[in-house]
Amino acid sequence: MTIETCADLGGYFRALLLAAMRRQRVEASPETADYVAGVLVTYAARPAAEFLDKPIVRILDEALALSEGARCVGLQTVGDGALYLSGLFGEHVERAQGTTGFYVHVGSYAYREAAALARSAEGTEPVALTELGEQFPRFVDVLAEVAESQALGGVTRSIVQLYDRWKNADSQRAMEELAKRGAYPVRKGGMS
C-alpha cells in the first residue's frame, strides 16, 4: 500500500466533493464546492474539536445575539459546524442527539439567514450560502459519501469514540490516543 501526501488539502477535498456531487447528481456552483472544501480544510486543521463541546443550539443563539455586522459570520460558523458534524459524524450525532435532522434544520436555517444578511449588506448574491441553505440535506449526504469513500467514516468514528471516552470518563489513555491521531481536545476553561 502506498501512502501519498497532498500539498493542497483544499484541492484534495474539492476533487472528492465534486466526484461525490456527480454520483449523487447534486448541482451547485464552483463557489459552493470551493466553500465546502474550505469548511473541510478549516475543521481538519483545528487542533481541538471545540465545536463538539458546545451544543449547536447554543452556538446558534450566540450567533443570533451578535451585532448585525458579525451575525452573518456567526451564522456561517453555525452552518459550517452543522454541515461538518452531520456529514462526517452523522452516526455519532444521531446516537447522541437521537437525530441528525435537528442539525440539518439548524444548518439550513443558519446558511439561509447568513445569505439574507449578506445580500442586504453587500447587495450581491452570496451563491455558496444560498445554495447550502437550499440544499443542505444533499450536501450532508455528499460529505457522508466523501467520508465513507476515503475511509474517513471509520477514522472519524474511532476519533469520536475516543473523544467521548476522554470527555465522559476523563480517560488519559483516550487523550493520548487522540494526540497520536492529531486531535488535541480542550476542556472548557483551557487545556486539559
Notebook entry, point to check: What shape does the range 9-146 have by the C-alpha gyration tensor, where a ≥ b ≥ c are the square roots of the eigenvalues, rounded means a/c under 1.5, and otherwise prolate means a/b greater than b/c and oblate the rest?
Noted result: oblate
Item checked: Theoretical FRET efficiency, 1/(1+(r/R0)^6), r = Cβ-Cβ of E148 and A116, R0 35 Å, to 0.05 -> 0.60
Item checked: T32, T42, T124 arranged by Cβ crowding within 10 Å, fewest neighbours leading -> T124, T42, T32
Notebook entry, point to check: With each pseudo-label sitting 7 Å past Cα toward Cβ, what's the D164-D61 distance in nm, one decimal?
Noted result: 2.5
Note to self: Using amide H atoms built in the peptide plane, which far-off residues or other-chain residues are under 5 Å from V186 H to H?
What the structure shows: A49
Check: Working out 0.36 nm times the residue gap between Y184 and K54, then minus their Cα-Cα distance, what length gain in nm do you get to one decimal?
Finding: 45.2 nm
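None of the figures in this text is laboratory data; all of them are computed from the coordinates on show. Please read these numbers as outputs of a predicted model, since none were measured by experiment. Positions of Cβ are generated from backbone atoms using ideal geometry, with glycine treated the same way; all protein chains shown enter the neighbour counts.
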